[in-house]
Amino acid sequence: MSFRTMIEYDVRRELEKIPMPTHINKLEVLPQKTDALVKRLCKELSIKYASYLFSVVEESSENDDFIKDALGRIYCVNIHSVLKTDILCLHVSPFRESIDTLLKGEKCLTVAIDALGKYRLLDVSISKHLKPRRDYLTAMYRCIFETSYRWLEYVIIKYIINHNEYIANKLRNYLQSVFANNKLISRFQFGIVSMDYVFRLLDGASVMTAFNVMSKNAYWYQSSPCELTAEVARTVVAAKKTISQSVIFEDIARIGDLKDVGYNGTNFWVGIRALYETTLFGLYPVYKSGFTIDVH
């Protein structure tokens, strides 16, 4: 078994322990728990596989929360995010030694993450005494992030599609009978409007569009495409905070501005802003029918 395969097995085993949400309005829990898991695994697997990653350390025991070198020196693993960036920093430093002291003689490593998630880069600072093995370090950290982020993307897309696909397909088929321009139809984002509530209806086609668009814009908002897509899919907004009701009940098309909506400043607003790539949007009444909505 290769080193990367061992890491991937450990990561997937932990991912499978994350409970799936019982309702789509709890979908934001998945990105939050995955982010916490990624940080924990960076620390735990750095210690677990220290004898692979560094050339002068002793074999770690199962319950160790530190790294010990051949001279008996103890090293701890610290991890933190850089404010307003997509960078996560990891430091492997001697116990009780300040980061400033570590940086004077550090071995630096930057790991680029080839998957859509909250972070794009991991900056690793390692005490010079540990003599890091660069290939093993790069393989491990990339595997932790990329396995976790790809799992999260797959799970969220699958969850949304399973939840919304039937009704969205019905609406898309209806649009095809009204509009001849299929390219225009592909750009529609569905919303459901009742007397009291409004929510987005992302299906297979629109959720992939959302991921692609948000992957370009998520980092401006200190978030990940998964977090933003989950927020747009799960949120139910009070109808009085939107202009959607007037579009449906007055049967007219309207141009709106996100600056004027009642949910301005919320996480949902951030997700919609990233999806639209502008504050302006158009609303078109498509189909009216009686229905009930479960918001619990």
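Throughout, read-outs are computed from the coordinates displayed, never taken from laboratory work. Keep in mind that this is a model prediction, so the values were computed, not measured. Here Cβ is always computed from backbone atoms with ideal geometry, including for glycine, and neighbour counts include all displayed protein chains.
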Just grab the label-to-label distance for residue 56 and residue 158, each label 7 Å out from Cα along the Cβ direction, in nm (one decimal). 4.6 nm
Estimated inter-spin distance, residue 65 and residue 108, nm [label 7 Å along Cα→Cβ]: 3.0 nm
Ratio Rg/Rh [Cα only; Rh per Kirkwood] for segment 3-150: 0.98
Two-decimal Rg to Rh for the chain - Kirkwood Rh, Cα set: 1.09
Tabulate in residue order the Karplus-calculated ³J(HN,Hα) for segment 266-273, using 6.51 cos²θ - 1.76 cosθ + 1.60 with θ = phi - 60°, rounded to whole Hz; enter x for Gly and Pro. 7, 4, 4, 4, 4, x, 5, 4
Most mobile of 115, 168, 180 in a GNM of the chain (Cα contacts under 10 Å): 180
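Taking loop as defined by DSSP and a crowding limit of 15 other beta carbons within 10 Å, which trypsin sites (Lys or Arg not before Pro) in segment 176-272 fit? Don't skip to the end; give the middle numbers.
Values: sites: 183, 187, 200, 216, 234, 240, 241, 254, 259; in loops: 187.
When the trypsin sites (Lys or Arg not before Pro) of segment 176-272 are filtered for loop state and at most 15 Cβ neighbours within 10 Å, 187 remain.
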Taking the number of other C-beta atoms within 10 Å as the exposure measure, put 226, 108, 42 in order starting with the fewest. 108, 42, 226
Go ahead and run the numbers for FRET between residue 173 and residue 284, Cβ-Cβ distance against an R0 of 22 Å, rounding to 0.05. 0.85
Linear extension gain, residue 33 paired with residue 212, 0.36 nm per residue minus alpha-carbon span: 62.2 nm
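Using the number of other C-beta atoms within 10 angstrom as an exposure proxy, rank 214, 195 with the fewest first. Walk me through the numbers before you get to the answer.
Working: 214 24, 195 9.
The fewest-first ordering by Cβ neighbours comes to 195, 214.
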The chain: most fluctuating residue of 16, 165, 227 per GNM, C-alpha cutoff 10 Å: 16
